[in-house]
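Here is the structure we will look at.
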Amino acid sequence: MKNDFLKYQAQTSPFPLAMEISHAKGSYIYDTDNNAFLDFVSGVSATPLGHNHPKVVNAIKDQLDKYMHVMVYGEYVQKAPVELCKLIAEHLPNPLDKTYLTNSGTEAIEGALKLTKRITGRSEIIAAKKAYHGNTMGSMSVMGYEERKQAFRPLLPGIRYIEFNNEEDLLRITDKTAGVILETIQGGAGFIEPQNDYLTKVRKRCDEVGAVLILDEIQPGIGRTGKLFGFDNYNCIPDIVVMGKGLGGGMPIGAFTASTAHMDLLMDNPKMGHITTFGGHPVIAAAALATLKEITETNLMTEALEKEQLFRKLLVHPLITEVRGKGLMLAPIMQSVDIANTVILKSQEAGLILFWLLFEGRAVRITPPLTISNEEIMKGCSIIISILDDILES
Ligand SMILES: Cc1ncc(COP(=O)(O)O)c(C=O)c1O
């Protein structure tokens with residue numbers, strides 16, 4: 001199987017982990033030799049309820065028994081996507097009340113960028129250095145990492161960059177700016193939180209010049225930071241919020257939400273300004289609805305903050321310089337890139353799944369399911385610490 005994987009399935013890097021998967025349940029993934037791997041990554045922040053959560057699986061099965069794809073997005077009234085959009089609106093502050101469902105995070109970013117142009121009639125987009133918003137052409141255009149996008153130029157014109165958390169840079173947002181797009185917590189850059197009311201200040205500057213503020217909640221959203229949306233922590237309400245990853249509970253989804261007045265611009269002049277065949281798919285929406293209900297109706301978000309404290313207590317070691325992030329979006333920063341690589345690869349051998357961050361080589365990704373238990377946290381952290389001890393002694 002591994003040979004066929006390498007031969008027939010397109011690869012994203014020369015060194016895939018290439019673990020052969022048998023099944024997954026709760027906080028564990030099992031390989032075809034029936035080895036159990038404790039999952040501290042959750043499909044890169046995409047399975048907040050762990051693997052195959054019964055409520056998500058049942059919602060999918062119930063919907064499968066009724067119907068799958070029946071029509072392109074936006075034509076027919078289908079219960080699961082309607083209820084999902086309604087529940088999202090109920091949990092977002094005013095005036096964010098209308099949601100467009102897409103197939104992936106990057107596609108939701110594309111929609112948000114298009115909507116920004118329609119709202120303002122302007123075209124300049126301001127993004128952050130070291131930002132990651134996805135890999136399609138528009139999203140890649142607002143990626144703040146030249147090395148990864150150089151080969152794909154020309155990309156969208158009119159993109160300018162500011163440094164995240166740099167307040168002086170806010171003056172680059174002017175009345176020529178259509179919109180500012182930021183991750184609420186920068187992910188690929190190394191789990192960088194906004195400091196000093198930065199997002200409130202960005203909001204204020206956008207209001208001064210009439211620019212739209214887009215917050216990318218694809219990774220921090222859906223409970224990971226202890227609140228349903230990351231921006232709930234930082235006293236800032238965007239004009240457009242973009243979701244993905246965890247929203248699907250393990251199924252592929254994206255979404256962007258804006259006010260009705262704004263979102264309705266996409267349906268006219270030109271008509272069908274943003275269309276998709278599979279966006280809002282009823283099976284995916286059913287999975288997302290079950291996920292969102294579970295996260296909003298239980299204590300998982302509060303517990304995420306308690307679990308963060310446990311991680312912080314356990315991840316203390318001379319080779320860890322700091323632990324960045326919030327809630328269950330944590331990144332211990334190692335003294336060097338080599339140490340981070342060793343920890344990630346040796347953990348895999350010891351039955352613990354860890355992963356990298358895109359642009360910060362010293363970081364080790366810890367984004368476990370919100371359902372992870374304290375015992376599992378202790379077990380995984382002891383693996384990390386003993387690998388670090390070995391490195392220190394060698
Ligand atoms: C902050 C952020 N934005 C956008 C995306 C793109 O989402 P997707 O991979 O579903 O297209 C990601 C994915 O890693 C992300 O972390």
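The values are calculated or read from the model by the stated rules, or taken from the named source; none is laboratory data. In this text, all values refer to a predicted model and were calculated from it rather than measured experimentally. No Cβ is skipped: glycine too gets one built from the backbone with ideal geometry, and neighbour counts run over all protein chains shown. The protein model used for the area step is the full one, side chains on, heavy atoms only, and it has no ligands, DNA or RNA in it. Shrake-Rupley method; radii C 1.70, N 1.55, O 1.52, S 1.80 Å.
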- Item | Selection within region 125-137 - farther than 16 Å from A189 by Cα and open to solvent by 30 Å² or more (accessible area, probe 1.4 Å) | T136, M137
- Filter region 207-221 down to residues that are away from the ligand (no atom under 12 Å from the Cβ) and crowded, with 22+ Cβ neighbours inside 10 Å and give me whichever is farthest from N299 (Cα to Cα). A211
- So, of the residues in region 69-99 that are part of a loop (DSSP other than H, G, I, E, B) and touching a helix residue (DSSP H, G or I) at 6+ places or on another chain (Cβ under 6 Å), which turns out to be surrounded by the most Cβ atoms within 10 Å (Cβ to Cβ)? Q78
- Query: Residues in region 181-198: is at least one within 16 Å of the ligand (Cβ to nearest atom), open to solvent by less than 60 Å² (accessible area, probe 1.4 Å), farther than 26 Å from I333 by Cα and without any contact (Cβ under 8 Å) to a residue 60 or more places away in the chain?
  - Reply: no
- Of the conditions (1) over 26 Å from I353 (Cα atoms); (2) out of contact with any strand residue (DSSP E or B) (no Cβ under 8 Å at 6 or more places or on another chain); (3) in a helix (DSSP H, G or I), M263 clears all except one; give me its number. (2)
- Note on the structure: Checked region 36-59 for anything in a helix (DSSP H, G or I) and either under 20 Å from G105 (Cβ atoms) or not β-branched (V, I, T) (or both); matches are S42, G43, V44, S45, P54, K55, V56, N58, A59
- Look at region 21-55 and say how many of its residues are open to solvent by 70 Å² or more (accessible area, probe 1.4 Å) and touching an Asp or Glu at 6+ places or on another chain (Cβ under 6 Å). 2
- Task: Inspect region 160-169 for any residue being under 21 Å from the mean Cα position of the chain (by Cα), modelled with pLDDT of 95 or more and within 30 Å of L289 (Cβ to Cβ) and give the result as yes or no.
- Result: no
- Does region 160-174 contain any residue that is within 16 Å of the ligand (Cβ to nearest atom), open to solvent by 10 Å² or more (accessible area, probe 1.4 Å) and of a type in the set (A, V, I, L, M, F, W, C)? yes
- Message: Suppose we filter region 112-145 for residues that are under 21 Å from the mean Cα position of the chain (by Cα) and either away from the ligand (no atom under 12 Å from the Cβ) or not small (G, A, S) (or both); how many remain?
- Response: 18
- Of residues in region 316-370 being over 16 Å from the mean Cα position of the chain (by Cα) and among the polar types (S, T, N, Q), the one most open to solvent (accessible area, probe 1.4 Å): Q335
